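Peer 1: Submitted below is the structure of interest, expressed as structure tokens.
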């Protein structure tokens, strides 16, 4: 009876333990790569979804000729139209001096065509001081202006 059991075991075919371990390691590495690509947003943008990081805005210039307000001339340079909802004004030391809602409840839209649009930021700017303005989009992206003198 023992010889019959031995013959039965010897006739079974299957993968060796080494090949099984190699296959499991390969599956784990591939799963890790897919999770990394998903969390970094790369996979979502390749598949046509995900809006994070696709907005691109160029701040062309800043007009300080009107007292109490500035006109930030900005345009969308990629990724479609961008809706600017807020602006944060910082002084030369980097301290936030004001947070301003831009364009009312709907915000100011920068069209996808790349035309320059005025974004009005109303704040009591002190003449002669230096400031920076950070524009925030509806999707939460931020775009920082260069320093300017009020």
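Peer 1: Given labels modelled 7 Å from the Cα in the Cβ direction, how far is it in nm from residue 36 to residue 115?
Peer 2: 4.5
Peer 1: As a footprinting exposure proxy, order 135, 24 by other Cβ within 10 Å, with the fewest listed first.
Peer 2: Going from sparsest to densest Cβ surroundings: 24, 135.
Peer 1: Let me ask something else about it. If the label point is 7 Å along Cα→Cβ of residue 60, which residues in the range 106-130 have backbone nitrogen under 15 Å from it?
Peer 2: 109-120
Peer 1: Still on this structure, please answer the following. Over the range 56-149, consider all pairs of different Cα atoms and compute the Kirkwood hydrodynamic radius from their mean reciprocal separation; express it in Å, one decimal.
Peer 2: One over the average 1/r among Cα pairs gives 13.1 Å for the range 56-149.
Peer 1: How do 116, 39 rank when sorted from fewest to most other Cβ atoms within 10 Å of their own Cβ?
Peer 2: Listed from fewest to most nearby Cβ atoms, that is 39, 116.
Quick note: the coordinates plus some simple rules give every number you see, no bench work behind them. As the structure is a computational prediction, the values presented were derived from the model and not from experiment. Methodologically, a virtual Cβ is constructed for each residue, glycine included, from the backbone with ideal geometry; neighbour enumeration extends over all protein chains shown.
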